[in-house]
Amino acid sequence: MSVKMSKDTGFLERTFKLNEHKTNVKTEIIAGITTFMTMAYILIVNPLILHDAGMDFGAVFTATALASVVATLIMAFYANLPFALAPGMGLNAYFAYTVVLGMGYPWEFALTAVLLEGLIFILLSFFNVREAIIDSIPINLKHAVSVGIGLFIAFIGLANAGIVDSAKFITPEGKLDGLIVGLGDLTQAAPLLAIIGIVITGLLLAKGVKGALLLGILITTVIGIPMRVTSLPEQMKFVSLPPSLSPIFFKFDFSQIFSLNMLIVLFSFLFVDIFDTIGTLVGVSSKADMLDKDGKVPNAKQALFADAVGTTVGACLGTSTVTTYVESAAGVAEGGRTGLTALSAAGMFALSLLLSPLFIMIPSAATAPALVIVGLFMMSPIKKIDLDDFTEAIPAFLTIVMMPLAYSIAEGIVFGMVSYVALKVLTGKGNKVSPVMYVLALLFILKFII
């Protein structure tokens, strides 16, 4: 290392312990950009969803980017983990379509529930409750979570690109007519572009090209221009000032804070976010061999604190629950191992506030190949699962298969945990189940009953 670079790299080394994690600045930055590219869709999708709830599109765009920056910076410097955070998919849909449009509450009511969720999460993180939940999950289930997430994000990528098509086989009466999931129309431009992107990304990986996932996204985006999948900004304008936050900033409705409906809404937000975040932390850490000798996620308390603060700040800015993104696996697959990866992703979110037209032009068909390939990478921990002991193998299998089929990391964990406790107890091995697992299994059963 040259003397000229020692000052800068010395700061980064002291902050992120790059040598200890066997990584370097270039790898971490590429990993962070890759993570951002695979989740940049949230900058448009989140405002679109919350706009349906009556919120200002431009203001939500700014809130989405700012909340992502704040939460991911905390993850970078406080937890030193390679995970990025942003308003969560599914949680934003529940916010808009269930609480606001379904239950008829104003979006200010839903935003208040998100604020309360964030404050509760800060308390839970302070008292190590969420960390205790992570530590209680058996090692085989932790490996299964990684594999399940792999299938889940590969399915997301394939569905986003139109390579697979779900729901078109359901009749207007809501009855199944044939398959639930089928092959999409591969003659259309978007799925065809995604297939081309998978081949290109696979070729770059086979050739050992550094930053293969990021290069694959960029090359596929360019190929999408003549195919009319990639839409160039109007008047080729790539720079613009971010919209004002004023229509949604700090707009809360505390009039029904102690109502039963607020309690129900709050519980749903808490449940989904807790287990989505835990699933992502456990699954991606397992894949990256970041779990310690006891199978624990390093700096889990700090990571969960980033999620909690991000949700609280996000609510004040005017967006739905902030959570750790499963697309962080793309950066880990590129070699990201420290908070410098998260710092790079946060920098990209900050940059997007000024270069939104440039990032918005990247189509989902161009990021789909990265998600599909990362799905493959996430499968490797399946080799560590004990498939000979059925009290271990069946819960692991249910965890894996339910994540993509239920389209939820949280529900996959629920099926895995409940079946694990049930099988251990019924086979006389209940002493191997931790007290926390018993409590969680009971809560999950109560949730389904309610």
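The values are calculated or read from the model by the stated rules, or taken from the named source; none is laboratory data. Here the structure is a predicted model, which means the values were calculated and not measured. Counting neighbours? That spans all protein chains shown, and the Cβs are built from the backbone with ideal geometry, glycine included. Surface accessibility is based on the protein's heavy atoms, side chains included, excluding ligands, DNA and RNA. Shrake-Rupley method; radii C 1.70, N 1.55, O 1.52, S 1.80 Å.
Dipole orientation for the chain: of the candidates L355, L340, F127, L340 has the Cα lying most toward the positive pole (charges on Cβ; Lys, Arg +1; Asp, Glu -1).
Using θ = phi - 60° in the Karplus curve 6.51 cos²θ - 1.76 cosθ + 1.60, the 3J(HN,Hα) couplings for the range 44-52 round to 9, 5, 4, x, 4, 5, 6, 5, 5 Hz; x is entered for Gly and Pro.
Percent of Cα-Cα pairs more than 21 Å apart in the range 359-450, please. Summing the P(r) of the range 359-450 above 21 Å gives 45 percent of all pairs. Taking the convex hull of the alpha carbon positions in the range 1-124 and averaging its projected area over all directions gives 9.5 nm².
Among 416-422, 131-137, sorting by the average number of other beta carbon atoms lying within 10 angstrom of each residue, highest first, gives 416-422, 131-137. With helices as the sole contributors, the chain gives -20000 deg cm²/dmol at 222 nm; each DSSP H run of n ≥ 4 counts as -39500 (n - 2.57), and the sum is divided by every residue.
A dipole drawn for the chain from +1 and -1 charges on Cβ atoms has a positive end, and of V421, I219, V372 the residue lying farthest that way is I219. Comparing M89, M75, M39 in a Gaussian network model of the chain (Cα springs below 10 Å), the most mobile by mean-square fluctuation is M89. Taking the average, over residues, of other Cβ atoms within 10 Å as the packing measure, peptides 97-108, 77-88 rank 77-88, 97-108 from highest down.
With all pairs of separate Cα atoms included, the range 120-163 yields a Kirkwood hydrodynamic radius of 12.6 Å. Cα convex hull, the range 267-399: 151 Å³ per residue, rounded to a whole number. Accessible surface for the range 204-285, divided over its residues, is 55 Å² per residue with a 1.4 Å probe. Measuring nothing but protein heavy atoms, the accessible surface of the chain at 1.4 Å probe radius is 69 percent carbon and sulfur. Solvent-accessible surface of the range 1-119, averaged per residue with a 1.4 angstrom probe and all protein chains in place: 39 square angstrom.
Accessible surface calculations at 1.4 Å, restricted to protein heavy atoms, place the range 309-450 at 37 Å² per residue. Peptides 140-152, 244-256, 340-352, ordered by how many other C-beta atoms sit within 10 Å of their residues on average, highest first, read 140-152, 340-352, 244-256.
Dividing the Cα radius of gyration of the chain by its Kirkwood radius returns 0.96 for Rg/Rh.
Backbone amide hydrogens, once placed in the peptide plane, bring V164 within less than 5 Å of A159, G184, excluding anything fewer than 5 places away on its chain. For the range 177-274, averaging the sequence separation of C-alpha pairs within contact (under 8 Å, six or more residues apart) and dividing by the residue count gives a relative contact order of 19 percent. Sorting D389, D307, D294 by accessible area puts them as D294, D389, D307; the probe is 1.4 Å, largest comes first, and only protein heavy atoms count.
Using the alpha carbon gyration tensor of the range 70-115, what are the three equivalent-ellipsoid semi-axes (square root of 5 times each eigenvalue), largest first, in whole Å? Equivalent-ellipsoid dimensions as semi-axes: 29, 11, 5 Å. Rounded to the nearest 20 debye, the dipole magnitude of the chain is 1000 debye, with +1 charges on Lys and Arg beta carbons, -1 on Asp and Glu beta carbons, and the Cα centre as origin. Within the listed set P233, P138, P381, the Gaussian network model of the chain (springs between alpha-carbon atoms below 10 Å) gives the highest mean-square fluctuation for P233. In the context of the full protein assembly, K17 retains an accessible surface of approximately 90 Å², using a probe radius of 1.4 Å and ignoring ligands and nucleic acids.
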